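Below you'll find the structure, written out as structure tokens, and then a few comments.
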Amino acid sequence: MLRLIAKSLCRRVPALPLNLRPCATLNSVENRQTVEALYDLCVDIQKVRQLKRWVLHQSLAYVPEVAALLRDMGASGSIIAQILMVHPEAVLCSPEQMQAQRDLWVSVCPNQRELVGVIEKFPASFFTSSSHHANQRQNIAYFKSLNVEKRHITKLMASAPQSFSRPVEQNEAMVCTLQQAYQELGGEEANMKIWLQKLLCRNPLVLLTQPDVLKQNLLILRDKGFSTAELIRLIAKLKGFVSELNPDRMRHTLTYSQVTMSCSESELRHIILHYPALLYYHKDILEERFEGLCSSGISMSQIMKTPTVLELTTQIVKYRIQQLKAFGFDTRKRSLKLLRGTEKDFEATLDKLWKAAAMK
């Protein structure tokens, strides 16, 4: 009876045309047991078919087992359905693999309800191949030896799972490079462990870069006059700084920004410290955005005071300027702070201006 009620509550959607992923274990048609089991859990099958339909064609799946594991850890029905909709590949993990992962994660996150929250946000990090378990165990032991707190290790495993799937020697090499960089920049030995923990927590992707990239980026910024304290702060603050930034491209971005804004190196450093994301932009993107802002009557001095306005595309900038003009706000003479933020932030700004105008 409960099975029938569950099915009636979930919307059944006809199968879409097949576009199968090459795989030796695929069926020519959907695995009806898998589909039925997902329906029973109220998983949005239409979205699974749209995004990862290949999962539904696998010959072997463990839907009830995954649901039982998550339920035993304290997950509600809606959370289980959400996890399996976002990451249906979870049903391809054998019970042995899932139990091994559970034991592994509980060693750093013993509160299983908290662990369910982690899995909900990062399901792909939890449901991984058993071939990585040995590396994961060794990496957990290594970071524990560095006195990294368990909650920080959990965050690292969730947001940078590749760093735990690879051999521990690679993480040891990167941590050694970070420690050397900290010392070479003048960091105090007594504070190095605390700094390293904060860095790994704020910037998990730092482990996935090449040591040479880190060194080159630091040299480029040091040549621009950044102090030791400022460099240490930037390393911890920029989430993709050492793993995503190409040294040559960053050098070109710095040069172009300084020339375009006609500012001194001291002024450029001040801008980057307040808006470090400037380092990420390619010269062509910056050129387009500088031109868009200037063509709207905004001066370089205004941009230098509010560099976060460079996050916005030219189209968005012009739209927002027109909206503000309707309230008598002249962006050419005022701060650009009202232009910043997400669409939701800007709508809230307009709402405040409308209420202020209505009270006059």
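Against the main long axis of the alpha-carbon atoms of the chain, helix 63-72 sits at an angle near 70°. Label separation (Leu51 vs Tyr319): 2.5 nm, computed from points 7 Å beyond Cα along the C-beta direction. For Phe226, Phe126, Phe329, the sequence from fewest to most other C-beta atoms within 10 Å is Phe329, Phe226, Phe126. Seen through its C-alpha gyration tensor, with square-root eigenvalues sorted a ≥ b ≥ c, segment 174-292 comes out prolate because a/c lies at 1.5 or above while a/b is bigger than b/c. Backbone geometry of segment 74-81 corresponds, through the Karplus equation with coefficients 6.51, -1.76 and 1.60 at θ = phi - 60°, to 3J(HN,Hα) couplings of x, 6, 7, x, 5, 5, 4, 4 Hz, x marking Gly and Pro.
In this structure, the amide hydrogen of Gln58, modeled 1.01 Å from its nitrogen in the peptide plane, lies closer than 5 angstrom to those of Asn27, Asn31, counting only residues at least 5 positions away or on a different chain. Using the Cβ-Cβ distance between Asn147 and Tyr280 with R0 = 35 Å, the FRET efficiency computed as 1/(1 + (r/R0)^6) comes to roughly 0.65. Shown in residue order for segment 114-121 are the 3J(HN,Hα) couplings computed by the Karplus curve 6.51 cos²θ - 1.76 cosθ + 1.60 at θ = phi - 60°: 5, 5, 4, x, 5, 5, 4, 7 Hz (x for Gly and Pro). When the helix-only estimate is applied to the chain (DSSP H runs of n ≥ 4, each -39,500 (n - 2.57), divided by the residue count), what is the mean residue ellipticity at 222 nm, nearest 500 deg cm²/dmol? Roughly -18500 deg cm²/dmol at 222 nm, from the helical runs in the chain.
Taking a ≥ b ≥ c as the square roots of the eigenvalues of the Cα gyration tensor of segment 119-185, is the shape rounded (a/c under 1.5), prolate (a/b larger than b/c) or oblate? Prolate.
Note on the chain: dipole from Cβ charges, positive end direction compared against Ala75, Phe164, Tyr280; the farthest Cα belongs to Ala75.
The phi torsions of segment 257-272, fed into the Karplus equation with coefficients 6.51, -1.76 and 1.60 and a -60° offset, translate into couplings of 4, 5, 5, 5, 8, 6, 10, 7, 5, 5, 5, 5, 4, 4, 5, 5 Hz, rounded to whole numbers, with Gly and Pro shown as x. Distance between the C-alpha centers of segment 196-223 and segment 294-334? Whole Å please. Cα centres, segment 196-223 to segment 294-334: 34 Å. Residue separation of Glu169 and Lys305 scaled by 0.36 nm, minus their Cα-Cα distance, works out to 44.5 nm of gained length.
In terms of other Cβ atoms within 10 Å, Cys176, Cys201, Cys93 run from fewest to most in the order Cys176, Cys201, Cys93.
By other beta-carbon atoms within 10 Å, ranking Phe127, Phe143, Phe327 with the fewest at the front produces Phe327, Phe127, Phe143. Please work out whether the chain counts as rounded, prolate or oblate from its C-alpha gyration tensor, where a ≥ b ≥ c are the square roots of the eigenvalues and a/c under 1.5 means rounded, while otherwise a/b larger than b/c means prolate and anything else oblate? Oblate. If only the Cβ of Lys and Arg carry +1 and only the Cβ of Asp and Glu carry -1, the dipole of segment 177-287 around its Cα centre is close to 300 debye. Around the Cα centre of the chain, unit charges on the Cβ atoms of Lys, Arg, Asp and Glu (plus for the first two, minus for the last two) sum to a dipole of about 1180 debye.
No lab work stands behind these numbers, since they all come straight from the coordinates. All of these numbers come straight from a predicted model, not from anything done at the bench. Ideal geometry is used to build each Cβ from the backbone, glycine not excepted, and the neighbour counts take in all protein chains shown.
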